[in-house]
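Undergrad: Mind looking over this structure? Questions follow.
Just so it is clear, none of the values below were taken in a lab; they were calculated from the coordinates. Note that the structure is a prediction, hence the values are computed from the model and not measured. No Cβ is skipped: glycine too gets one built from the backbone with ideal geometry, and neighbour counts run over all protein chains shown.
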Amino acid sequence: MADAREHEQPGAVPGPRDDRGTPRSRGQDSADGASQAADGTLAWSLTAMSEALRRLAAASAADVPQAVAAATEAVWWVTLADAAMIRGHPGAYGAALAALDPAARRAVEGSFAGFRFIRGQLGYHADPGDFIQPQAAPGGGSAPPSAWAWAPLPPPPPHRGAAREASPYREYRAYLAGRPLGQALGRAAGFLSQAHATAGRAGHNSTPAATR
């Protein structure tokens, strides 16, 4: 996978500017520009997430490194899109969560926490391949990479800040480990798409998000 750090700060879409306006109009332009930039970052992240999921779906089981890279890249973009959605449209995000039944909501929130655990470990404490277990197809041969499973990893070794990672690790074990890659990624992407659609319909920009 390409160096993930290159993707950590997606480019923002510049907002309008009018240097000739009054201080109040310039302030409004600044707020409008910030809002447009946030929406641009969100749209950019969602597009990259969809493309990463398509690459995972098209990956070949015969090329394990390429399949692992596609899966971990999809994790990266899912977590970035999730963060951008929470920042840009917290009300729509909360409304989309509230629309789920309790079990589905726990699964969505647990999956996102598990993905954040993966992202936090990659490149620092774990190799991408450590998180993924290729699976055999029911009729023999290798299953497609989207059907491979998240590995049931042991707890990460203790280190500074480990207390903050305990909960994401538990969520990873509860909601990702042993389950198909595509299932959890698809569930997270579907939720984000629904939340984004809710934002577009209702204009939820400033309503506080539901407690996660």
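Undergrad: Using the number of other C-beta atoms within 10 angstrom as an exposure proxy, rank 130, 101 with the fewest first.
TA: So the residues, fewest neighbours to most, are 101, 130.
Undergrad: Taking the beta-carbon count within 10 Å as an exposure proxy, list 75, 108 from fewest neighbours to most.
TA: Going from least to most buried by this count: 108, 75.
Undergrad: So, one more: Give me the number: length gained by fully extending residue 64 to residue 127, i.e. 0.36 nm times residue separation minus the C-alpha to C-alpha distance, one decimal in nm.
TA: Using 0.36 nm per residue and subtracting the Cα-Cα distance, I get 21.3 nm.
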